[in-house]
Amino acid sequence: MNLNKTQVKTCDMLLQQYLLKDAAISGAIKLVFTGVGDKDVYNITSPFEDEGEQVIAGRVESRDSEHSEVIFFVEKDGQWIPRQGAPILQLQDPFHTVIGTEHIIGGVQIFPHPEQEHALMWRTTFYKGDSISSLKPFFTGPDGMKDLRLTELPDGSIGVLTRPQGDKGGRGKIGFFQVKSLGELTVENVENAPLLENQFIDDEWGGANEAHILKNGLIGVLGHIACFDKDGDRHYYPIAFALNPKTGDYSDIELIAVRANFIPGPAKRSDLQDVVFSGGLIRQIDGTAVLYAGIGDAEAHRITIQDPFIQYENNQYT
């Protein structure tokens, strides 16, 4: 059986399909972070275990700034506090996975644009270590590329999800390739990764946020799709799809949540009120999943949804 990718779907098409489903949503919670002064914490990872503790990495910054730090938090008495002795990374939008026995932590590094005065450029930087305290940088992606993600495949090779912009990717499209090991990662092979065609129209964009290896070997991709409306406001929606790393086939994008599913709250700017940025997904044995997300570039929330990957995991694909 093959994955059946049909046609490109716009934000509006996906939104209308989602609203018709009457999706089961529960457990909406705003996560409370302390110990960072008056700064916001958003675009978090889902919790992961390190040295016997559950840890969340979050983007921490002032409401009027884009210069952020990634801080690691642990929960105490219902609040998330900075983990004592953990490193602080000069990054945006953290993400986490495990490859072999090592934690892989990454995020977006910003730096002065090499050609445009007073402008910024960005790239994805990766760290690895047996624990958070031992993290060391090991790879930096191409300039101008966010949402670069890694995952260990069942055969031990590494799946790489890319997101070029510009001549190749427009406002941002997803690509995929494989390498045998982390040591084979290069800027060149990241830049040369083939795109997954017909996922986004040219006026919209998207990216991968997290990869899940399903029981049948498929990659379940948690990501986002985004667009501007006629007033210039941004709309970001969490999405999911499945990718067969052996054949390169992939399913249609499915929208899995909208801003109204979460608790009301502020936004960094008025044009960011409808932004839900996928952080991580914790799959549960009862067929649900807990989605952790950044809201309005100002807060971090979670909700419980139906596991979007079960439909792909319960079938055989070749």
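Among what's in segment 174-204 and is part of a strand (DSSP E or B) and without any contact (Cβ under 8 Å) to a residue 40 or more places away in the chain, pick the residue that is surrounded by the most Cβ atoms within 10 Å (Cβ to Cβ).
Only one residue tops the list, namely G175.
In this structure, is D77 more than 19 Å from the chain's Cα centre (by Cα), among the charged types (D, E, K, R) and at positive phi?
Against the criterion (more than 19 Å from the chain's Cα centre (by Cα), among the charged types (D, E, K, R) and at positive phi), D77 qualifies.
Only one of (1) crowded, with 20+ Cβ neighbours inside 10 Å; (2) out of contact with any Gly (no Cβ under 9 Å at 6 or more places or on another chain); (3) not charged (D, E, K, R) is not met by G58, so which one is it?
Exception for G58: condition (2).
For the subset of segment 146-173 comprising residues that are in contact (Cβ under 8 Å) with a residue 40 or more places away in the chain and hydrophobic (A, V, I, L, M, F, W, C), which member is nearest to N244 (Cα to Cα)?
Residue satisfying both the conditions and the ranking: L153.
Of all residues in segment 115-139, which are surrounded by 13 or more Cβ atoms within 10 Å (Cβ to Cβ) and either within 15 Å of G183 (Cβ to Cβ) or aromatic (F, W, Y) (or both)?
The answer is W122, F126, Y127, K128, P137, F138, F139.
So if I check each of L218, L148, which one is more than 23 Å from V276 (Cβ to Cβ) and under 19 Å from the mean Cα position of the chain (by Cα)?
L218
Can you name every residue in segment 276-307 that is within 22 Å of K39 (Cα to Cα), in a strand (DSSP E or B) and either free of Cβ contacts under 8 Å to residues at least 40 places away in the same chain or touching an Asp or Glu at 6+ places or on another chain (Cβ under 6 Å) (or both)?
G280
Read-outs throughout are calculated quantities, based only on the coordinates presented, and are distinct from any laboratory measurement. A quick note: this is a predicted structure, and the numbers were derived from the prediction, not measured. In this analysis, Cβ positions are derived from the backbone assuming ideal geometry, glycine residues included, and neighbour counts consider all displayed protein chains.
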